[in-house]
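Here is the structure we will look at, set down as C-alpha cells.
Laboratory data are not the source of any read-out in this text; all were calculated from the coordinates shown. This is a predicted model, so every value here is computed, not measured. When we count neighbours, we look across all protein chains shown, and the Cβ atoms used for this are built from the backbone with ideal geometry, even at glycine.
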Amino acid sequence: MALLQPTSAISNLNHNSHALRRRLDSIASMSELRQYHSQVVRLGLGGNNDAAGRLLKFLALHPSGDLPYALRLLRLLPDPDPFLFNTLLRARALPPSAAASLLSRMLSLSLLPNRFTFPPLLPSASPSPSSSLPFALQLHSLLLKLGFFSDPFSQNSLLCFYLSCALPDVARRVFATAPRRDVVTWTTMISGLSRSGLVDEAREMFDVMPERNSVSWNAMIAGYVQVGRFADAFELFDRMRREGLRLDKFAAASMLAACTGLGALDQGRWIHENITRNGIELDSKLATTVIDMYCKCGCVEKAYEVFEGLEKRGISSWNCMIGGFAVHGRGEDAIELFKQMEREGATPDGITLLNVLSACAHSGLVSEGRYYFNYMIQASNIEPKMEHYGCMVDLLGRAGLLEDAKKVIDEMPMSPDAGVLGALLGACRIHGDVEMGERIGRTVIELDSKNSGRYVLLANLYAKAGRWEDVAEVRRLMNDRRVRKEAGRSVIEMNGEVNEFICGGMSHPQAREIYETVDEMLNRIRLAGYVPDTEGVLHDIGEQEKENPLYYHSEKLAIAFGLLHTKSSETIRITKNLRVCRDCHEASKLISRVFDREIIVRDRNRFHHFKDGKCSCRDYW
DNA sequence: TTAGGGTTAG
C-alpha cells in the first residue's frame, strides 16, 4: 500500500508535517488515536519514529491509553530509537517484568539507554526486593558504566529506588559518594529514611541540608505524621510558617492527617479554613483528607457537609464518608449512602463493601450485613478478601451468632489470619463461650504473638470465667515473650493544645485538681447508681482493691479535665488508643446525664456519643 | 524524566 502512495500526498504531508505533529500531540481518546494511527500508516509513516513516538505517548501515558497496543506498535517499528523505549518505560501500568524485557530488547538492538531511561526504569524494579534485587544491581552497574552517575535525575532515582526497597545502608553509601547533591537528593533521603522508620535520622539531614523547598518541609512533616509523631509534625509546621512558607495542598494534607491522628478538631478546622482562604483547590485527595479529619474528630455532620459540597466525588471520598458513618454507629446512613453511590453510577470497590459491612457490624444490622456480603459474592465483581470475612465474623459473632461466625471461617477459601480469628475470639469473650474462645485464643496468640491485645483478650476471657490460673499463665507467656500490655492513653484538645493522660498518671501540671474532680465526678454518679464494673481487671484480688485502677483510667482523667476547662454547654471530645472498657463506658453514660454534658469518645474502633445517660453504640461495641 | 498528600474490619 505504502508503495502506491501518490507522490503528491507525500509532499503534501511534508508540507503539513508540523500540523500533523500538533494533531498527534492532542489526541484525547482511543477512537481518535485509531483514526490518526491509520492515517499515519496511510501516509506511509508507519515506520516513522517521530509519528510513532507521539502515538506511543498517548497509548502508554494517557489514562485512557492502551498499553498492550503500545507494546505491539513498538514491536512493529523497523528501527526504533531510545526515546520510544523511554516513553513506554514511563507507563504506570507497565509490569516490572515488561520493563526488564524492554531494556533487554533495547540492548539487543544495540540501543544504549540514555539519561531518560533510568528514572522510569528503576522504580519498576522495586516492589519485591528479594526477587528484583539482582536486576536492580545490574541496572545500577549499567548506570555507572554508561556514566549517568553524575546525572542528577538518574542519581536521585537510584537513591529513591534503594530507599523504597528498604535498603537505607546502600542509599546512604550512594548519597555519601554522590558527585553532587541537589535539594531533590536531600529530600529523597528525608522521605525515604522516614518511610523506613528512621525519622530521627531524616530530621538530622533536614536540619543540615543546604537548601529547603516546600517539598522538603512537607516530606519531613509527613515523615512525622506517618509514624504518629504528631507533636513533632505540629512543631515543624509552625516553624515552616514562621520561615514564611505558605500552606500548600501537601502540607495541608499532612497536617490534616496529624489532626486526624490526634483527634484535634480545632486545629483541623483551622487547616480547613486556611485551605479555603488560601484558595487551595480541594481536589479529590485533599477533600477525602478533610472529610476523614471531620469524621475521626467526631464531627460526622460537618464531614457530610463537605462531602455533599464536592463537585466530583472520587471513590475514596465515598468510601471515607461511608466508613465515617460506620464508626459513628450510623449504619442506616452508611447503607443509604451506598445506595446513593450506586444510583449515581459510581463503582464500589472492595473498601466500599468493607465499610458497608463494618457499618452493619457496628450497628448490629445482622440481616443487612448478610445481604451485602451475599450481594458482594453474587452480584458484584468484588471478591471478598480476608478483611471482608473478618468483618462478617465480627458482625455475626458480636450478635451472639457464634456458630454462624465459625461457619463463615470454615467456608473461607483461604486460611483465616489472626485478625479473622481475633474477631471470633472477641465475640467469644463478649458472649462467654470459654470453650471456643480458648481454642481460638490459643491459635491467635501464636499467629500474632507480638500483639499484646490478643493476650489481653484471652486473659479477659479466662478472668470472666474465674479461671485465675489460666489468667496467670497467659501473663507469664506475655512476660516470657516480652510482650508488654499497651498502656491506655486518652487525649483531649483544649485551646489548640493537646493534653494526654495515662492511667494513674501524675505528670499533668494540674494533676491534683484533676484527681479531685474525678473523685467528685464518681461521688456524684454513685448517687445515680454507678457500680464499678471490675470484669476487665485481670487480677484475682478482692473486689475492693480491684476498683482502684478503674477510678483513674485515662479516660476518666480526660473527662475530668474536660469538665474543669469547658463551659457547661460544650461537648467534651476525647480520643483514646485502646477500646473503651466496660466500666468507663458505664461511668461516661452516667456522667453525661448527671453533668448534663455531651461526651464524644473515639476509641480504637469506633465512636461513642454519650448523651442523657445513653451511648450511641447502644452498648453494642 | 527524579523528591511531598487520600479511603481499609478487629
Exercise. Once every DSSP H run of n ≥ 4 in chain A is given -39500 (n - 2.57) and the sum is divided by its residues, what mean residue ellipticity at 222 nm do you get, rounded to the nearest 500 deg cm²/dmol?
Worked result: -20000 deg cm²/dmol
For this session: Mind pulling up the Rg/Rh value for region A:248-365? Radius of gyration and Kirkwood radius, both on Cα.
Result: 0.97
Seminar exercise, completed: Fraction of alpha-carbon pairs in region A:286-325 farther than 11 Å apart, rounded to whole percent, equals 51 percent
Exercise. Can you give the relative contact order of chain A as a percent, counting alpha carbon pairs under 8 Å and 6+ residues apart?
Worked result: 6 percent
Exercise. If only Cα atoms are counted, what is the Rg of region A:366-487, and what is its Dmax, in Å?
Worked result: 15.4, 50
For this session: Mind putting a number on the dipole of chain A about its Cα centre? Charges go on the C-beta only, +1 for Lys and Arg and -1 for Asp and Glu, and I need it in Debye to the nearest 20.
Result: 1880 debye
Problem set entry | P(r) of region A:489-615 over all Cα-Cα pairs, binned every 10 Å from zero, in whole percent | 13, 49, 34, 4, 0
Problem set entry | ³J(HN,Hα), Karplus 6.51/-1.76/1.60, whole Hz, each residue of region A:470-484, x for Gly, Pro | 5, 4, 4, 5, 4, 4, 4, 4, 4, 4, 4, 8, 6, 9, 9
For this session: Sort A:559-569, A:82-92 for me by packing, meaning the mean count of neighbouring Cβ atoms within 10 Å per residue, highest on top.
Result: A:82-92, A:559-569
For this session: Could you give log10 I(q)/I(0) at q = 0.10, 0.13, 0.18 Å⁻¹ for region A:89-217, computed by the Debye formula over C-alpha point scatterers of equal weight, without solvent?
Result: -0.32, -0.53, -0.97
Seminar exercise, completed: Given unit charges at Cβ for Lys, Arg (+) and Asp, Glu (-), the dipole magnitude of region A:342-387 about its Cα centre in debye, nearest 20, is 120 debye
For this session: Work the Kirkwood hydrodynamic radius out for region A:303-382: mean of 1/r over every pair of different alpha-carbon atoms, inverted, in Å.
Result: 12.4 Å
Exercise. When the Karplus curve 6.51 cos²θ - 1.76 cosθ + 1.60 is applied with θ = phi - 60°, which whole-Hz ³J(HN,Hα) does each residue of region A:391-400 get, with x for Gly and Pro?
Worked result: 5, 5, 4, 4, 4, 6, x, 4, 7, x
Problem set entry | Most to least packed among A:412-420, A:284-292, A:57-65 [average Cβ atoms within 10 Å] | A:284-292, A:57-65, A:412-420
Exercise. In terms of modelled amide H atoms, which long-range or inter-chain residues lie less than 5 Å from the amide H of A:Arg579?
Worked result: A:Arg604
Exercise. Amide H of A:Cys617: which non-local residues (sequence gap of 5 or more, or other chain) have their own amide H closer than 5 Å, using H built in the peptide plane?
Worked result: A:His609
Exercise. Once both axes come from the Cα atoms, what is the angle between helix A:7-25 and the longest principal axis of chain A, in degrees from 0 to 90, rounded to 10?
Worked result: 20 degrees
Seminar exercise, completed: At 10 °C in a medium of viscosity 1.306 mPa s, chain A has a Stokes-Einstein diffusion coefficient, with Rh taken as the Kirkwood radius over alpha carbon pairs, in µm² per second, of 56 µm²/s
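Under 10 °C and 1.306 mPa s, how fast does region A:55-110 diffuse according to Stokes-Einstein, given a Kirkwood radius computed over C-alpha pairs? Answer in µm²/s, whole number.
Details: Rh = 11.2 Å.
So the translational diffusion coefficient is about 142 µm²/s.
Within 10 Å of each candidate Cβ there may be at most 11 other Cβ atoms; applying that plus a DSSP loop requirement, which GluC sites (Glu not before Pro) in region A:314-359 survive? Mind dumping the intermediate values first?
Details: sites: A:Glu332, A:Glu336, A:Glu342, A:Glu344; in loops: A:Glu344.
Those satisfying the criteria are A:Glu344.
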For this session: Per residue of region A:423-431, in order, report the coupling 6.51 cos²θ - 1.76 cosθ + 1.60 (Karplus, θ = phi - 60°) as ³J(HN,Hα) in whole Hz, putting x for Gly and Pro.
Result: 5, 5, 4, x, 5, 4, 5, 4, 9
Seminar exercise, completed: Between A:Glu493 and residues 5 or more places away or on another chain, the pairs with built amide H atoms under 5 Å apart involve A:Asn499
For this session: Can you tell me the order of A:294-305, A:422-433, A:97-108 when each peptide is scored by its average per-residue count of other Cβ atoms within 10 angstrom, highest first?
Result: A:422-433, A:294-305, A:97-108
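Loop-only GluC sites (Glu not before Pro) in region A:240-292, please: DSSP not H, G, I, E or B, and at most 14 other Cβ atoms within 10 Å. Walk me through the numbers on the way to the answer.
Details: sites: A:Glu243, A:Glu273, A:Glu281; in loops: A:Glu243, A:Glu281.
Qualifying residues, ordered by number: A:Glu243, A:Glu281.
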